[in-house]
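See below for the structure under consideration.
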Amino acid sequence: MTEIYRDGNLHLSQELQDLYSNISDIVGAPNVPLIIQKGEIHGASTDNKKVFMGTNYVDQTIPQNYHGFPTDLIAANAAFTIGHELGHITVHPGRGCSWRDEITALPIDAYEQRDMANIISDIMVNYMVSRGTNFIEQGTEFGNDLKEKLMAGHLASSFFRIAWTDRERARVAILLQRGENTFGQPLVDNRYTPPASTGLVQGDFYPNAGPDSPQIPSTDTSNPTPLYQEKTGYGRGSQVYPPLQYCVSNNNPVTGQPFPDNWKSVRTNITHNVQYCPRCKLYEVYQDEAGTCPLCLEGTSSSSTIRPGVHTVTGVMTYAGEINPTMVQPISNYQINGNWIPARYCEALSPDTGYECNPNWFRHFGYSGEVRDDMARYTFGTRFLLMMEWAANYALLPEGYGGKTGRLAAERFIRDIGYELHAATMEAGGVGA
């Protein structure tokens, strides 16, 4: 079946078109078109000549679909995605060297070389893009502002909670009719509003199928309803919520008040017995041998038992042991009822429906409870990608990591996340899965 494409200049909001145009200009790729791929399985990608976005990703470029976010993070998510894909064109290995030769020279089995090359490529691209090193002009007002957005998007977007399933959209569509979410809080209509001059009201599409059906998108191929209208708002597009850690450590920027408990809720599906290693200062659930720390091989003591159910997170801890950091970053543990549990055993929930709403980080580090044969190798490689990216981030941040800066910060983070890499790998079936 032939893939159907849609023109990004027609189907994306003017704000996003302007952002794409400005970023493509500053990285020296002004003639690279932005294409929308029809279908719900496509993310963002490039073939080195065009940039593609799946229709399921368009939702995440629409400001109305974001809730409880500071405005700079909303813009950062879209900017970083665009910058990343254009980065594959402007900084991707292959300009001045043979990327094929680089791939085949990797000292690993041939069947793994391509996957690992993609990971290495993403690390390089993300590193350079997030710092604007591929800008053809430095020192401009737009460029300096964009660097801040790109870095913010790079640091935070892996932890955004995205409610994207058809079932979730159906749930919030019903809640919107009631005017309040599952927790009795007002649900503000965030669907597209046509220009007043059209005589249409919020929720109607423009152009639309006719005066008797203004909420049905136009099927006229010569004058279609832009896709972004169909993806804006509750019941239509994916709704995006701040990282859970942000809600614990910050006030809601919209209200200026602390986030309610439903914004800080997680679910555990089975009973988890948490052990604590005083030597490694680690809270552990997975152990190769019960009661023994896999790192130092010394005995551990029972710390707490977390039973199935919905829990409110009252504190978060980084891998360095910092409590409730204001900067969004990888989180090792959640505090529930005064006890600490590794965060990867907790599902993040939607603040509007209370159903699963996990971030991308959880897809790779999260506990599934079963061996995921179809995902094990992919997640194994991606965990290392994320580890190396954050090692680089900590090495270059002025505040560093765990009291260290530069290379020492990177080395300490790699050491500190080592147990979690081991636990996630073994629970997914082991290295050879």
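Here are the numbers for the structure shown:
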item	result
Members of the range 152-169 that are assigned to a strand (DSSP E or B) and of a type in the set (A, V, I, L, M)	162, 163
Subset of the range 187-215 (residues that are free of Cβ contacts under 8 Å to residues at least 40 places away in the same chain and under 22 Å from residue 60 (Cα atoms))	188, 193, 194, 202, 203, 204, 205, 206, 215
Qualifying residue in the range 125-138 (condition: exposed (fewer than 14 other Cβ atoms within 10 Å of the Cβ) and of a type in the set (Phe, Trp, Tyr))	no
Residue that is surrounded by the fewest Cβ atoms within 10 Å (Cβ to Cβ), among those in the range 260-288 that are under 20 Å from residue 344 (Cβ atoms) and of a type in the set (D, E, K, R)	281
Residue within the range 125-139 that is of a type in the set (A, V, I, L, M, F, W, C) and under 29 Å from residue 344 (Cβ atoms) present	yes
Residue tally, condition of a type in the set (A, V, I, L, M, F, W, C), over 23 Å from residue 69 (Cα atoms) and not in a strand (DSSP E or B), over the range 298-329	1
Test: residue in the range 230-249 that is of a type in the set (Asp, Glu), crowded, with 17+ Cβ neighbours inside 10 Å and under 21 Å from residue 172 (Cβ atoms)	yes
Residue list for the range 204-259, restricted to those being touching a Phe, Trp or Tyr at 6+ places or on another chain (Cβ under 8 Å), among the small types (Gly, Ala, Ser) and modelled with pLDDT under 95	218, 238
Selection within the range 180-210 - surrounded by 11 or more Cβ atoms within 10 Å (Cβ to Cβ) and either among the aromatic types (Phe, Trp, Tyr) or assigned to a strand (DSSP E or B) (or both)	180, 183, 192, 205, 206, 208
Options 134, 118: the member that is assigned by TED's automatic domain parsing to the domain that holds residue 87 and either acidic (Asp, Glu) or assigned to a helix (DSSP H, G or I) (or both)	118
Restricting the range 151-161 to residues that are surrounded by fewer than 22 Cβ atoms within 10 Å (Cβ to Cβ) and within 8 Å of the chain's Cα centre (by Cα), the residue that is farthest from residue 244 (Cα to Cα)	158
Enumerated strands (runs of 3 or more DSSP E) restricted to the range 245-288, each holding at least 1 residues that are within 12 Å of residue 314 (Cα to Cα)	265-268
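The values are calculated or read from the model by the stated rules, or taken from the named source; none is laboratory data. Here the structure is a predicted model, which means the values were calculated and not measured. When we count neighbours, we look across all protein chains shown, and the Cβ atoms used for this are built from the backbone with ideal geometry, even at glycine.
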